[in-house]
Structures are given as C-alpha cells and as structure tokens.
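A short write-up of the structure that comes next.
The values are calculated or read from the model by the stated rules, or taken from the named source; none is laboratory data. The structure displayed is predicted, hence computed values, not measured ones. Note: ideal-geometry Cβ built from the backbone for every residue, glycine included; neighbour counts use all protein chains shown. Just the protein is used for accessible areas: all its heavy atoms, side chains included, with ligands, DNA and RNA removed. Shrake-Rupley method; radii C 1.70, N 1.55, O 1.52, S 1.80 Å.
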Amino acid sequence: TTAERVFEILDTEPEVMDRPDAKDPGVIEGRVEFRNVSFTYDGFARILDRVSCTVEPGEMIGLVGHSGAGKSTLVNLISRFYDATDGEILIDGVSITDLQQKKLRAQIGVVLQEPLLFQGSIAQNIAYGRPEASRSEIIAAARAANAHKFIMKIPDGYDSEVGERGGRLSGGERQRISIARALIGNPRVLILDEATSSVDTQTEFEIQEALERLTANRTTFAIAHRLSTLKNADRLFVLDKGRIVEEGSHAALLEQEEGVYRNLVDMQTELAKVRAL
Ligand code: ADP
C-alpha cells in the first residue's frame, strides 16, 4: 500500500510549491526538528496532532505504533510530499517551506517496504537520482548493499532488465537494489520503511548488514518492524493516534509496565508463539 500511495503521489501534480524566494539548503547536516506539527489530509481528521521532537544529525529513530497511527504521514512530511497543516518542520534550523524542494529531496534517501523499481536495467535503477554515476560507483554501491553477488549471477549482470516494477527480481533483491540506490545518492537524511515480508535467514542477514552500512552517520527515521532495528535505534518514538506518546530506547521503554511499546512487543511475542505452534 505504501508503494501504491507513492505512485499516486508521483502521478499527481505536486501540491507543494517552492516559494519564489526559496533558498538552496546547500549540503545539510541533517538535524530535523518538528515544532508542534499537526496534519490533516481532508481538513477534518487530525492525523498528526501537535508533534514535537528534535533529532540530531546521525541519530537513528525507530518509529513504532499501530497501523494507522501516523508513522508514514510523519515521514512523508519530512520529504515534503505534503506541508504541515500547523506548526513547522526545520532542517538544520531552517523551515523546510523556505527551502528549495528539489535540492532538499535530493538529500533525503528513501527505502520503502515495496521498493519502487522501474523498467530498465539494474544499473539504471541503482543510478536513479544520480544518472551521472560511473559504473564503478554503481558497483561500489551494490557491493555495500550486498547486491553485487546476486547481480553477477544474472546472465547480463548490471545490464539485466528488471522487468515491470522489478518483477523479475525477488523481494529481497529489489530491496537491496533500493539500498544501493540510496547509498549512491549519499543522503544526509534517510527514511526507511522496513519490509515485513518474510525472506530467508541468509537474505535477512544480508539486508540487515546493508542497512547498517546505509544508516551509519545519517539521520534515520525507520518505520521499524524488525527487533534488530528497534534495538539498534538510538531512540524510539511511539506514535498513537497522531501523537508521540512514548520516547526512549528499546530497553527503557520495555521497562514501562503499562506502556504502549511494552504492549506492542508483548503482542508481537504472543503472535510469534501462536505462529510457531
Ligand atoms: P501508519 O504509517 O502508522 O500506519 P499512516 O500515516 O499511513 O499510518 O496513516 C494514518 C492515518 O491517515 C490513517 O487513518 C490513514 O487512513 C490516513 N491516511 C493515510 N494516507 C492518507 C491519504 N493520502 N489521504 C487520506 N488519509 C490518509
């Protein structure tokens, strides 16, 4: 659904326009601040409700909460697919509405649950966003994303066609291509929407390792499902009905007996037990 939503967004005229005096942000450091941000899609239901937080450059935030809590909406506001209805979002202390969108978006990497590949070669898909990238840069990114090996096993290697929406590749392969794509863009801010789909243990390990390389030293907002991400995140923001209701490390939040996070983890543990039967 996230991918479909992004296609919808890409297909529609941008609602968000640059101000005539919008500034070039230059190379950003990646400090992200929400000041009392509220958001509604329809002018009626408040999807985000006075969200405030400050995230330091290089920090990794895991966003958790029930489906519909507002996690995707929150990250979409950072990329400025929509503008906040109230309040403001600042990057390196400057409101994002004062910045040139294109220059800002170029520094925000996005890795989605269902990665968006387009018809074309693997190399073109990796270089998307930086078409001038050389073949050796593409290969370096693929190596760091643990994609090089499987790419080399396909008959045409980097020149292999991925098929419509990447249909000739498996989910785990598409995901590593999109990690390589994010790496080549060298963004300061990263948005991850983690896959929940099951992959085998080896693939899971390779994706995890690739993600660790990708997130190192970048401000990261991860819509987190994997326990490994939850544990590695510097802080977790627990969203409930559009508000950040809890904030802290995995370990600290687990200690809260009646906490929303503790409850979510307990539910997942129960579910895992049922599935294991
Ligand atoms: P989460 O990522 O936590 O599952 P979302 O941010 O996707 O939550 O959704 C929060 C709420 O906003 C949900 O009630 C959802 O139905 C609604 N919503 C999401 N996207 C749109 C949209 N494009 N138009 C209208 N409502 C939306």
> Got a sec? Which of ILE122, ILE96 is over 26 Å from ARG165 (Cα atoms) and hydrophobic (A, V, I, L, M, F, W, C)?
Replying inline: ILE96
> Among the residues of the range 36-47, which ones are at negative phi, out of contact with any strand residue (DSSP E or B) (no Cβ under 8 Å at 6 or more places or on another chain) and open to solvent by 50 Å² or more (accessible area, probe 1.4 Å)?
Replying inline: TYR41, ASP42, PHE44
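From the list ALA233, ALA252, exactly one residue is modelled with pLDDT under 95, under 19 Å from GLU56 (Cβ atoms) and surrounded by 17 or more Cβ atoms within 10 Å (Cβ to Cβ). Which is it?
Working: ALA252 fails: surrounded by 17 or more Cβ atoms within 10 Å (Cβ to Cβ).
Checking each option against the conditions leaves just ALA233.
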> Quick one: would you say GLU212 is in a helix (DSSP H, G or I) and either under 26 Å from GLY87 (Cβ atoms) or without any contact (Cβ under 8 Å) to a residue 12 or more places away in the chain (or both)?
Replying inline: no
> Identify, please: which residue in the range 19-32 is open to solvent by less than 40 Å² (accessible area, probe 1.4 Å) and within 17 Å of the chain's Cα centre (by Cα) and is, among those, nearest to the ligand (Cβ to nearest atom)?
Replying inline: VAL32
>> Regarding the range 185-201, can at least one residue be identified that is open to solvent by 40 Å² or more (accessible area, probe 1.4 Å), in contact (Cβ under 8 Å) with a residue 60 or more places away in the chain, within 25 Å of LEU77 (Cα to Cα) and of a type in the set (D, E, K, R)?
In response: yes
